[in-house]
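Enquirer: Quick one: the structure is below, and I'll ask about it shortly.
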Amino acid sequence: MSTPKVLVTICCYNHGKYLNESVQSIIDQTYTNLDICIVDDGSDADQHIGKIASDLQQRDTRIRVITLPKNIGKWYGLNEAIRTTDAVLCTSHDADDISLPDRIERQVTCLMKTQTLHNLCGFHHCWTEDDVAKIKRDYTSPTELQVADPDLVSRAVMTGRSTPGINHYFTGQFETAGVSALFYRQIWEMGIRFNPPGVGIRTLVSEDSDFNFRVTALLSRTSILAEQTYCYRRNTSTNTELR
């Protein structure tokens with residue numbers, strides 16, 4: 001399998017407590033051809049994001065940092081990281097979450113095998129730090145790649161769009177992590193970008209749900225790695241909007 005460079009954007013607003021562990025989970029990925037971009041979205045000084053990011057850069061030369069002069073929003077940080085990368089593929093990772101060790105490798109493999117343009121993976125709901133520790137400790141990769149094909153994904157997403165009460169990126173019974181979207185940078189270059197809250201056609205506040213819906217609806221080339229390779233902390237918030 002070819003190994004195109006993958007941009008991993010980690011937008012951080014006041015998540016200094018988790019940032020080190022979060023970025024380390026990307027450093028430790030089995031897929032190594034990475035551009036790891038930490039975006040400090042105007043965090044408060046007492047979070048020491050600059051110091052944490054600098055220490056991480058000393059640990060790994062693949063890391064770069066974008067420091068925004070004020071809190072603008074996750075949508076802006078994602079677009080800025082993509083604008084400044086030379087990577088072929090792009091994904092993201094929240095500053096308080098954990099990617100399991102082969103998340104990116106398995107998503108790239110899924111994307112290539114299905115010849116799709118856009119891929120998401122599943123996630124674990126982590127309510128406590130014990131949940132995070134147990135999932136990390138017990139994780140083993142499935143022998144076979146678990147895949148949901150583009151036709152199935154498109155039908156589910158469009159069903160969700162037309163179903164009252166569903167206001168997220170709907171993929172049926174298997175939950176996907178919107179932040180895990182892995183896609184060709186060319187999609188962004190053709191004009192499908194991350195919108196600020198209130199602008200998107202799909203949701204009011206979720207940058208990734210809105211982006212993922214538009215990509216799937218317009219291109220119909222979305223696959224899903226039907227495996228839980230992402231740990232989502234439920235009792236924290238990565239909303240980078242002050243407003």
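Enquirer: Over segment 57-202, what is the mean sequence separation of C-alpha contacts under 8 Å (at least six apart), divided by residue count, expressed as relative contact order in percent?
Expert: Numbers: 110 pairs, mean separation 56.3, N = 146.
Here the relative contact order equals 39 percent.
Enquirer: Report the gain in length on full extension from THR32 to HIS48: 0.36 nm times residue separation, minus Cα-Cα distance, nm rounded to one decimal. It would help to have the intermediate numbers written out before the result.
Expert: Details: separation 16, 0.36 × 16 = 5.76 nm, distance 2.72 nm.
Length difference between fully extended and current span is 3.0 nm.
Enquirer: Going by amide H atoms built from the backbone, whose H comes under 5 Å of the H on ILE66, apart from near neighbours?
Expert: Those lying under 5 Å, H to H, from ILE66 are ILE38, VAL39, ASP40.
Enquirer: Along the charge dipole of segment 98-243, Cβ charges K/R +1 and D/E -1, which of CYS126, THR140, ALA217 sits furthest on the positive end?
Expert: Of the listed residues, the answer is ALA217.
Enquirer: While we're here: Enumerate the lysines that LYS74 could reach by cross-link, defined here as Cα to Cα under 30 Å, with residues fewer than 8 away along the same chain left out.
Expert: Reachable lysines: LYS5, LYS17, LYS51, LYS134, LYS136.
Enquirer: THR143 to ARG155: extension gain in nm, 0.36 nm per residue of separation minus the Cα-Cα distance? Please list the in-between numbers first.
Expert: Values: separation 12, 0.36 × 12 = 4.32 nm, distance 2.74 nm.
Taking THR143 through ARG155 to full extension adds about 1.6 nm, to one decimal.
Enquirer: While we're on this one: Using the Cα atoms of segment 1-106, I'd like the radius of gyration and the largest Cα-Cα distance, Dmax, both in angstrom.
Expert: 12.8, 44
Enquirer: Packing-wise, with mean Cβ within 10 Å as the measure, how do 109-119, 185-195, 134-144 rank, highest first?
Expert: Numbers: 109-119: 19.2, 185-195: 16.0, 134-144: 11.1.
With the highest mean Cβ count within 10 Å placed first, the list reads 109-119, 185-195, 134-144.
Enquirer: I'd like to check one number: the per residue accessible area of the chain, probe 1.4 Å, reported in Å² as a whole number.
Expert: Numbers: 11050 Å² over 243 residues.
Counting only protein heavy atoms, the per-residue value for the chain is 45 Å².
Enquirer: Moving to a separate point now. Counting only protein heavy atoms and using a 1.4 Å probe, what share of the accessible area of segment 14-72 belongs to carbon plus sulfur, as a whole percent?
Expert: Details: 1360 of 2820 Å².
The nonpolar share, carbon plus sulfur, comes to 48 percent.
Enquirer: In segment 80-183, what percent of the accessible surface is made up of carbon and sulfur (1.4 Å probe, ligands and nucleic acids excluded)?
Expert: 51 percent
The values are calculated or read from the model by the stated rules, or taken from the named source; none is laboratory data. All of these numbers come straight from a predicted model, not from anything done at the bench. Every residue, glycine as well, gets a Cβ built from its backbone with ideal geometry; the counts of neighbours run over all protein chains shown. Ligands, DNA and RNA are stripped out before the accessible areas are found, and what is left, the full protein with its side chains, is counted by its heavy atoms. Shrake-Rupley method; radii C 1.70, N 1.55, O 1.52, S 1.80 Å.
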